[in-house]
1. So if R0 is 35 Å, what FRET efficiency would residue 190 and residue 76 give, r being the distance between their Cβ atoms, rounded to the nearest 0.05?
2. Can you give the angle from 0 to 90° between the axis of helix 160-203 and the longest principal axis of the chain, with both taken from C-alpha atoms, to the nearest 10?
3. Here are some values of Rg/Rh (Cα atoms, Kirkwood Rh): (i) 1.14; (ii) 1.05; (iii) 0.94. Which one was computed from this structure?
4. Using alpha carbons only, how many degrees (0 to 90, rounded to 10) separate the axis of helix 2-20 from the longest principal axis of the chain?
5. Helix-derived [θ] at 222 nm for the chain: sum -39500 (n - 2.57) over DSSP H runs of at least 4, divide by residue count, nearest 500?
6. Treating the angle as unsigned and between 0 and 90°, give the value, to the nearest 10°, between the Cα long axis of helix 63-76 and the longest Cα principal axis of the chain.
């Protein structure tokens, strides 16, 4: 019970850091700060809160729904016109944060409490659209989100393009780590279990 409370508290703290800390005041000046907010909401706050709740108390979510919610939110909000809408509107900016958190809950639900081979496959497939977006931001060679050309000025020693490349690299590393580490751990456990079963069959 104690670890469940700590997990929920950690998730709430991560969400509060994303939307209520000084980080929130930097997201209109640095794309990397904006990216950190989204990663905290989807990759830290959402799974920690789910881990703190009993699986039996959570509704089941089809894997396809979770995958589409997680990948769709990431891609949709990084389309330049949609990104600009959230950048310029307080309402849509708040809606964007809420949608990232909700998408995180939907995405991680098929993972929490499940231990079959479908989970590593699910997580691996989820890295693909995120990695594609990350690579584009890191290597496209031009500033995708024009408001940062002026908003970022004077905030750091980074140019707007450097800031974008750093944001893309951060997303790439974070998504790969948070998605693939659980997939690798679960795969190792499944393979170990199959090896033990095979050994028992041979002995019998």
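Where a number appears in this text, it was derived from the coordinates with a stated rule and is not lab data. Here the structure is a predicted model, which means the values were calculated and not measured. In this analysis, Cβ positions are derived from the backbone assuming ideal geometry, glycine residues included, and neighbour counts consider all displayed protein chains.
1. Details: r = 33 Å, r/R0 = 0.95.
About 0.60, to the nearest 0.05.
2. So the inclination is approximately 0 degrees.
3. (ii)
4. Its long axis makes an angle of about 20 degrees.
5. Values: 10 runs with 153 residues, N = 204.
The helix contribution divided over the chain gives -24500 deg cm²/dmol.
6. Between helix and principal axis, roughly 20 degrees.
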